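Heads up: the structure comes next, in structure tokens.
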Amino acid sequence: MINETLVELSRWQFAITALFHFLFVPLTIGMTWILFIMEAVFVMTGREIYRDMTKFWGKLFGINFAIGVATGLTMEFEFGTNWSYYSHYVGDVFGAPLAIEGLMAFFLESTFVGMFFLGWDRLSRKQHLAGTLLMALGTNFSALWILIANGWMQNPIGAEFNYQTMRMELVSFSEILLNPVAQVKFIHTVAAGYVAGSMFVLSISSYYILKGRDLAFAKRSFSVAAGFGLASIFSVILLGDESGYEVGEVQRVKLAAIEAEYHTEPAPAAFTLIGLPNDDDMETHYAIKIPYVMGIIATRSLAEQVIGLRDLQKEHEPRIRNGMIAYGFLQKLRNGEETPENIAGFNATKQDLGYGLLLKRYTEKVVDATEAQIKMAVKDSTPPVAPIFFAFRLMVGSGMVMLILFILAFYFNARRQIETKRWLLKAILLALPLPWVAIETGWFVAEFGRQPWAISEILPTFMATSDLAVSDVILSLSAFVTVYIVMFIIEMWLMIRFAKMGPSALHTGRYHFENLSDDSSSLRQSNS
Amino acid sequence: MLDYETLKFCWWLIIGFLFIGFVVTDGMDMGVGGLLLFVAKTDLERRVVINTVGPHWDGNQVWFITAAAALFAAWPMVYATAFSGFYFAMMLTLFALFLRPLAFDYRSKIESTRWRFNWDRALFVGSMVPALVFGIAFGNLLQGVPFSFDELMRVTYTGSFLALFNPFALLSGVVSVSMLLLHGATWLNMRTEGDIAKRSAKAGQLAAAVMLSAFAICGVMIAQSIDGFVVVSGLDPSGLAQPTKKIVELSRGAWLNNFNNMPLLWLSPIISLLMALLAALILRFAANRFAGIAFMASALNCALVIVTAASAMFPFVLPSISFPNHSLTMWDSVSSEYTLRLMLVVVAIFIPIIITYTAWCYRRMWRTVTVQEIEQHSHTAY
């Protein structure tokens, strides 16, 4: 039988390690381009301040990058250590983009990141700039392949189940490559990373402007971040991945959960601004709705409906019953009864095998499921609504605030009035955590919204775990939490120290703390 | 076009190649990390040591990540079974590996001896623990590990963490650690000067002596006291990935069967031993003049140790001691023909590109790292 505690702990461990890793990834994704822009200006104009900008923001980038690399190792291990049945069941498909990521992206990024930090004196200006570009490309390719892998989990096309090997096997690489869900996810995610990088530079530059320090340096950094950030936040919002919600069953369910839409509404559906979703009576209470908006955003049309969760569950019931039949045939086939009838019977029903597996939670044999158990499996076939509903609103809310801030920052910067708008600079400084709020809640919506599936309609999450003892996972989970907290404290301490220090940390003799007398030189000498 | 059987063999070679790439490059960093506390005493000396690998450690580590990802893509059952079976060993390695990126990047950012020396210890742990665990894991592979599959191909592992630490496995751990220390020593001897180079040469000789004896004893144990696995029947090299359908038997010394059937393979352990010896002799008598050759000899030694272990086990990659018939081999625990072919194309395109730009970066950064240089660049170097 399924060990529910093991499943819960494995999910917690994966969620914590993945969300923690993704605190550092978006900043890396965004910063590589910002560094490239700054360095390109330096190479084109030869003005030293742009090299200083590249080097200083590069220092902060490095502090973030190191912990990103460390926590990324976990992700490469964890499918095998904690999700071994997943690894077996879909490794033929899912492993490929991961391996391609290593070969195409990871090597590139990691080789040239060394050149970025330590190659200044040993490469010509153009060579170094080319290295920075390759590092940025590597980072972004890396995101591409990871999102192709993740997009396949949401919308698993291009693969077939093989009963002989008992796993999913790749049949069309171009399909998983061109998976529409993966495409929109990629753009949405890297653009979110660009926003994170921009907000990071914008906020810290605002801090220097507010303090009246290193103004030439801070204002130029501010300009780069305001321009790049404004373009990026528009991309995130306009190319938000709503457009990917039409394809794939899980995406339809996720959309209904995001909107807490239990009942199918006539098109175009209203957008629920806020409300209290309740999974027990399948109603959203105290809902405040804006007519038409949601139908237009989600389906990009006035005529198409967004199907509600009640109707989606109704659709799932026959599929679960069909899945029981598929499972029955699979058992016969696995027992060696490979008769033409059994093969034909299995092939006719195997698209619902995953739904049959949902019953594994209640009965090991699946085929003997009672009506009550089928009913429970139907209920399981959609995720809990409230967490998704609120997380989504938190994401969108953060995005809207950032949009306004980037517009104002860009406007006043273009009019050269930014120094006088202290309220705006303070607001931007305070808004520093917002990209991370939006990104983490966004991933939560994407992954929690995929439940109960590890692979949409194919493999339930509870079946995907490794055969570990509960105590094993308690131990590793506690270790992760402890070690990650310590790592985070060290990283933040260094980051804040260097951010406060500003470009004086470069020891060029051109910046604020270096021109002051003794009282601040203690700070200077303790940083390098 | 290549058939399924040939593809599977290609992938056995590729996985082997990636592991060799990992040991020769990242293994070198681990050797350097292991030597750090002993060949460099002052902060400046330690920075010299760290900066010999500073620009490259991250790229080198990707060999390891890619090897793991290639296992996932090409041998998913091996990835699933080994990683979950060796759960605590993997976690231990993982937590140790966390230390390296942080140590490299954070160490010299703060001018405090305590801060820096603590990171040096972290680098030591982060280098030596994985080196030891990988050796121990290999030692256990050669003895077989206890796992089996159910009818849905879910794997159950029945071994314990402590059982991994048996005498043969520990000896394999010694081989792995000493091999990487020798490798790191030849690198430092080549890339540094003065005291650091001298101490490295000395440490390298010691490591070589340990490595040679441990490797030889391992060989004797494999012949005398370890059961090898033999496929009796039911394994079709061109068949589907169904690892539970063959008959496997254990017999004493059977890991030498491949060597006896193909005597040419003996060259692998013999040359390996000779290379370790050559590296040691150079470090003893001509450390300055032939530093490059010593490093190349050590690299070849690392590669051939892997080749030796892999050819002994061929076609097995993860034998099961509790259900020998469920053992995973490179014929029956692989991905589909389509995936193997696709990934072969990807590898054929990207590996040459990777080697080209990696070599370019090494060449650009090539120099003897000196104390003076670090002093001059004390705010930009690691």
key: Placed amide H near A:Lys289: partners under 5 Å, 5+ positions off or other chain   = A:Leu273
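Mind grabbing the interface size between A and B? I mean buried accessible area, both sides, 1.4 Å probe, in Å² to the nearest hundred. Working shown, then result.
Values: alone 22720 and 17600 Å², together 33000 Å².
Summing both chains' loss of accessible area gives about 7300 Å².
Taking N as the number of residues in the protein assembly as shown, what is its Cα Rg relative to 2.2 N^0.38 Å?
Values: Rg = 28.7 Å, N = 910, 2.2 N^0.38 = 29.3 Å.
Cα Rg divided by the expected 2.2 N^0.38 Å: 0.98.
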request  = Rounded to the nearest 0.05, what FRET efficiency do A:Leu432 and B:Glu111 give with R0 = 22 Å and r taken as the Cβ-Cβ distance? Could you check?
outcome  = 0.20
message = Compute the distance from the alpha-carbon center of region B:1-33 to that of region B:44-96, in whole Å.
response = 13 Å
key: Mean Cβ neighbour count within 10 Å, used as a protection proxy, ranking A:449-457, A:316-324 highest first   = A:449-457, A:316-324
key: Angle between chain A longest axis and helix A:180-211 axis [Cα atoms, degrees, rounded to 10]   = 30 degrees
note = Sequence order, region A:416-423: Karplus ³J(HN,Hα) from phi using 6.51 cos²θ - 1.76 cosθ + 1.60, θ = phi - 60°, Hz rounded, Gly and Pro as x, gives 6, 10, 5, 4, 8, 8, 5, 4
Per principal axis, descending, Cα span of region A:400-486 in whole Å = 62, 36, 14
request  = Please list A:184-190, A:108-114 highest first by mean number of surrounding beta-carbon atoms within 10 Å per residue.
outcome  = A:108-114, A:184-190
Shielding by other protein chains, A:505-515, mean Cβ within 10 Å = 1
inquiry  = Under the rule of at least 5 residues apart or a separate chain, name every residue whose amide H is placed under 5 Å from the amide H of A:Phe161.
reply    = A:Glu169
note = Shape descriptors of chain A over alpha-carbon atoms, Rg and Dmax in angstrom, are 25.6, 90
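Leaving out ligands, DNA and RNA, what percent of the accessible area of region A:310-380 is carbon and sulfur, probe 1.4 Å? Could you put the intermediate results ahead of the total?
On the way: 1840 of 3370 Å².
Percent of accessible area from carbon and sulfur atoms in region A:310-380: 55.
Per residue of B:148-155, how many C-beta atoms from partner chains lie within 10 Å of its own C-beta, taken as a mean? Mind showing how you got there, number by number?
Values: counts 0, 2, 2, 5, 10, 7, 9, 6.
The per-residue average across the peptide is 5.
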request  = Would you calculate a helix-derived [θ] at 222 nm for chain A, using -39,500 (n - 2.57) for each DSSP H run of n ≥ 4 and dividing by the full residue count, to the nearest 500?
outcome  = -23000 deg cm²/dmol
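Count, for each residue of A:160-168, the Cβ atoms from other chains sitting within 10 Å of its Cβ, then give me the mean as a whole number. Could you put the intermediate results ahead of the total?
Details: counts 1, 0, 3, 0, 4, 12, 8, 6, 1.
If you average over the peptide's residues, the count of other-chain Cβ atoms is 4.
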note = Nearest 10, in degrees from 0 to 90: the angle of helix B:57-74 to the longest Cα principal axis of chain B is 10 degrees
query = In the full protein assembly as shown, how much of B:Cys302 is accessible to a 1.4 Å probe, in Å² to the nearest 10?
reply = 0 Å²
query = Of B:Ser108, B:Ser333, B:Ser225, which has the largest mean-square fluctuation in a 10 Å C-alpha GNM of chain B?
reply = B:Ser225
Euclidean distance of C-alpha centroids, region A:276-305 and region B:150-205, integer Å = 59 Å
message = Are there any trypsin sites (Lys or Arg not before Pro) in region A:361-431 that are in a DSSP loop and have at most 11 other Cβ atoms within 10 Å? List them by number.
response = A:Arg415, A:Arg416
note = Cα-Cα longer than 24 Å, checked against B:Lys41/B:Lys202; A:Lys55/A:Lys185; A:Lys185/B:Lys8; A:Lys350/B:Lys246, kept in input order, equals A:Lys55/A:Lys185; A:Lys185/B:Lys8; A:Lys350/B:Lys246
request  = Calculate the spin-label point distance for A:Glu283 paired with A:Ser124, positioning each point 7 Å from the Cα along the beta-carbon direction, and give it in nanometres.
outcome  = 7.5 nm
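Once the other residues with Cβ under 12 Å from the Cβ of B:Lys8 are scored (Lys, Arg +1; Asp, Glu -1), what is the net sum?
Working: positive: B:Arg341; negative: B:Asp3, B:Glu5, B:Asp236, B:Asp332, B:Glu337.
Once all neighbours under 12 Å are counted, the net charge is -4.
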task = Tally up the carbon and sulfur contribution to the accessible surface of region A:201-285 as a whole percent, 1.4 Å probe, everything protein left in place.
result = 61 percent
ask   = Counting Lys and Arg as +1 and Asp and Glu as -1, what is the net charge of the other residues whose Cβ lies under 12 Å from the Cβ of B:Gln376?
value = -2
remark   = A correct Stokes-Einstein calculation for chain B, using the alpha-carbon Kirkwood radius, 20 °C and 1.002 mPa s, returns a whole-number D in µm² s⁻¹ of 99 µm²/s
inquiry  = Buried by at least 20 Å² relative to the chain on its own: which residues of region B:203-249 qualify, computing accessible area with a 1.4 Å probe on protein heavy atoms?
reply    = B:Leu240, B:Ala241, B:Gln242
inquiry  = Give me, ordered by chain and number, the residues 5 or more places off B:Val317 or on other chains with an amide H under 5 Å from its own placed amide H.
reply    = B:Leu328, B:Thr329, B:Met330
inquiry  = Please check: in the Gaussian network model of chain B (C-alpha springs, under 10 Å), which one of B:Phe285, B:Phe314, B:Phe72 has the largest mean-square fluctuation.
reply    = B:Phe285
ask   = Quick one: helix B:267-285 against the long Cα principal axis of chain B, what's the angle to the nearest 10°, folded into 0 to 90?
value = 10 degrees
ask   = Which distance in nm do the two modelled labels at B:Ser225 and B:Leu13 give, with both placed 7 Å along the Cα-to-Cβ direction?
value = 3.7 nm
Summed side-chain charge close to A:Leu405 - residues other than A:Leu405 whose Cβ falls under 13 Å, Lys, Arg +1, Asp, Glu -1 = +2
query = So which aspartates and glutamates pass the test for A:Lys59, namely a Cα distance under 15 Å, with those fewer than 8 places away in the same chain ruled out?
reply = A:Glu39, A:Glu491, B:Asp105
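Accessible area per residue for the protein assembly as shown in Å², computed with a 1.4 Å probe and the full protein assembly in place, what is it? Intermediate values should be presented prior to the final figure.
On the way: 33000 Å² over 910 residues.
Accessible area per residue: 36 Å².
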request  = Mind giving me the FRET efficiency for B:Leu277 and B:Glu193? R0 is 30 Å, r the Cβ-Cβ distance, nearest 0.05 is fine.
outcome  = 0.75
query = What are the ³J(HN,Hα) values, in whole Hz, obtained from phi via the Karplus relation 6.51 cos²θ - 1.76 cosθ + 1.60 with θ = phi - 60°, for each residue of region B:168-183 in sequence order, with x given for Gly and Pro?
reply = 5, 5, 4, 5, 4, x, 5, 4, 4, 5, 5, 4, 6, 5, 4, 4
query = What FRET efficiency would be calculated for the residue pair A:Ala344, A:Glu304, taking the C-beta separation as r and a Förster radius of 30 Å, to the nearest 0.05?
reply = 0.25
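The values are calculated or read from the model by the stated rules, or taken from the named source; none is laboratory data. From a predicted model like this one, the values you see are computed outputs, not experimental measurements. Counting neighbours? That spans all protein chains shown, and the Cβs are built from the backbone with ideal geometry, glycine included. In case anyone asks, the SASA skips ligands and DNA or RNA and just uses the protein heavy atoms, side chains included. Shrake-Rupley method; radii C 1.70, N 1.55, O 1.52, S 1.80 Å.
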